[in-house]
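Participant: Okay, here's the structure, questions in a sec.
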Amino acid sequence: MKLSSEISAVVTGGASGLGEATARALAAEGVKVALFDLNAERGEAVAREIGGTFCLVNVTDEASVDAGFAKARAAHGQERILVNCAGTGKAGKTAGRDKETGAPTHYPVADFDQIIQINLVGTFRCIAKSAAGMLTLPMLEDGDRGAIVNTASVAATDGQMGQVAYSASKAGIVGMTLTVARDLMGEGVRVNTIMPGLFDTPLLARLPETVKAALAAQVPFPKRLGDPAEYAHLALTMITNGYFNGESVRLDGAIRMAPR
């Protein structure tokens, strides 16, 4: 798919981090970009800077997602590109002991469900609704009708202690990638997933510099945190390379996460 002003895109989680970097990269290629996010102040600011549209969207809410797509399509037309970056995490062991009393505890099932709803179900909700919209479009000269990029994590395969909910949600995204690509293969919609390692995003930005340096030192090469622009570069490659389909690709500097 060639990127141009004739193409529109939706980026979930587009107000910061990996999503913001991807939205900026798409806009730099002339693409009309709509940002889905819950951070209205930041989202509006980024949208103004890139000439895009901000949509206040909660990916766990059906009506909110529907309204977001309606607003994005009213502004830019039916999207041919969807990049799913919305996601979150909440640490906690499956079971353990209270530090003060020693009594057995377990990870709250409600918290587990919340992470699954945001990361996995939210991603699928946006995929399904965007793909259905893409099916209304004519195919481009190269045979593409649309392209979807999802965000998983190296935690999908290398989940660390305390990442049970996060790992399960990201493994689910990896697990459905090929299936969704096969579901859409007759319609000219390609689907791929990026599995980032340790990236310099707002989530890590809150950590002390000493902790960030220690994390960067774990990366075999290059010994640094990933730059969101590097994620965006791979996302654009997946979108523009017509033979890229059904893949889940690590982007991690060759790191393999230790148990803790």
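Participant: Got a sec? Which of LYS212, LYS170 is assigned to a helix (DSSP H, G or I), over 30 Å from LEU140 (Cα atoms), under 21 Å from the mean Cα position of the chain (by Cα) and not acidic (Asp, Glu)? It would help to see each step written out before you state the result.
Facilitator: Working: LYS212 fails: under 21 Å from the mean Cα position of the chain (by Cα).
Within the list LYS212, LYS170, the selection yields LYS170.
Participant: Could you list all residues from segment 57-91 that are in contact with a strand residue (DSSP E or B) (Cβ under 6 Å, 6 or more places away or on another chain), under 19 Å from VAL149 (Cβ atoms) and part of a helix (DSSP H, G or I)?
Facilitator: GLY68, ALA72, HIS76
Participant: Inspect segment 79-100 for any residue being among the hydroxyl-bearing types (Ser, Thr, Tyr) and within 19 Å of ALA152 (Cβ to Cβ) and give the result as yes or no.
Facilitator: Initially, segment 79-100 is screened for residues among the hydroxyl-bearing types (Ser, Thr, Tyr), giving 88, 94.
Those still in the list that are within 19 Å of ALA152 (Cβ to Cβ) too: 88.
Looking for residues that are among the hydroxyl-bearing types (Ser, Thr, Tyr) and within 19 Å of ALA152 (Cβ to Cβ), one finds at least one in segment 79-100, hence yes.
Participant: Quick check on this structure: which one of ALA45, ALA110, ALA40, ALA86 is over 18 Å from ALA15 (Cα atoms) and of a type in the set (A, V, I, L, M, F, W, C)? Before the answer, list the steps.
Facilitator: Numbers: ALA45 fails: over 18 Å from ALA15 (Cα atoms); ALA40 fails: over 18 Å from ALA15 (Cα atoms); ALA86 fails: over 18 Å from ALA15 (Cα atoms).
On inspection, the qualifying residue turns out to be ALA110.
Participant: Moving on. So which residues in segment 22-41 are surrounded by fewer than 24 Cβ atoms within 10 Å (Cβ to Cβ), in contact with a Ser or Thr (Cβ under 9 Å, 6 or more places away or on another chain) and not acidic (Asp, Glu)? Can you show your working first?
Facilitator: Our first condition is that a residue be surrounded by fewer than 24 Cβ atoms within 10 Å (Cβ to Cβ); within segment 22-41, this holds for 24-25, 27-30, 32, 38-41.
Going one step further and asking which of them are in contact with a Ser or Thr (Cβ under 9 Å, 6 or more places away or on another chain), we end up with 29-30, 32, 39.
Result: GLY30, LYS32, ASN39.
Participant: If only one of PHE54, PHE112 is of a type outside the set (Ser, Thr, Tyr), buried (at least 19 other Cβ atoms within 10 Å of the Cβ) and in a helix (DSSP H, G or I), which one is it? Full working, then the answer.
Facilitator: On the way: PHE54 fails: in a helix (DSSP H, G or I).
Of PHE54, PHE112, the one residue that is of a type outside the set (Ser, Thr, Tyr), buried (at least 19 other Cβ atoms within 10 Å of the Cβ) and in a helix (DSSP H, G or I) is PHE112.
Participant: In addition: Conditions: (1) of a type outside the set (A, V, I, L, M, F, W, C); (2) in a helix (DSSP H, G or I); (3) surrounded by fewer than 20 Cβ atoms within 10 Å (Cβ to Cβ). GLN160 meets all but one. Number of the miss?
Facilitator: With respect to (1) of a type outside the set (A, V, I, L, M, F, W, C); (2) in a helix (DSSP H, G or I); (3) surrounded by fewer than 20 Cβ atoms within 10 Å (Cβ to Cβ), GLN160 is out only on (2).
Participant: Condition (residue is at pLDDT 95 or above and under 19 Å from CYS126 (Cα atoms)) applied to segment 96-105: is it met by at least one residue?
Facilitator: no
Participant: Quick one: which residue in SER130, SER153 is surrounded by 21 or more Cβ atoms within 10 Å (Cβ to Cβ), touching a residue at least 24 places away in the same chain (Cβ under 8 Å) and part of a helix (DSSP H, G or I)? Talk me through it step by step, then tell me what you get.
Facilitator: Numbers: SER153 fails: part of a helix (DSSP H, G or I).
Matching residue, one of SER130, SER153: SER130.
Participant: Here's another thing I want to ask about it. Looking at segment 1-51 only, could you name the residues that are polar (S, T, N, Q) and in a loop (DSSP other than H, G, I, E, B)?
Facilitator: Residues of segment 1-51 polar (S, T, N, Q): 4-5, 8, 12, 16, 22, 39.
Across segment 1-51, the qualifying residues are SER4, SER5, SER16, ASN39.
Participant: Considering only segment 219-253, state which residues are in contact (Cβ under 8 Å) with a residue 12 or more places away in the chain, of a type in the set (Val, Ile, Thr) and assigned to a helix (DSSP H, G or I).
Facilitator: ILE239, THR240
Participant: Let me ask another. Could you tell me which residue of segment 193-218 is surrounded by the fewest Cβ atoms within 10 Å (Cβ to Cβ), considering only residues that are touching a Lys or Arg at 6+ places or on another chain (Cβ under 7 Å) and free of Cβ contacts under 8 Å to residues at least 24 places away in the same chain?
Facilitator: ALA217
The values are calculated or read from the model by the stated rules, or taken from the named source; none is laboratory data. Quantities reported herein were computed from a predicted structural model and do not represent experimental measurements. Cβ: placed from backbone, ideal geometry, glycine included. Neighbour counts: every protein chain shown.
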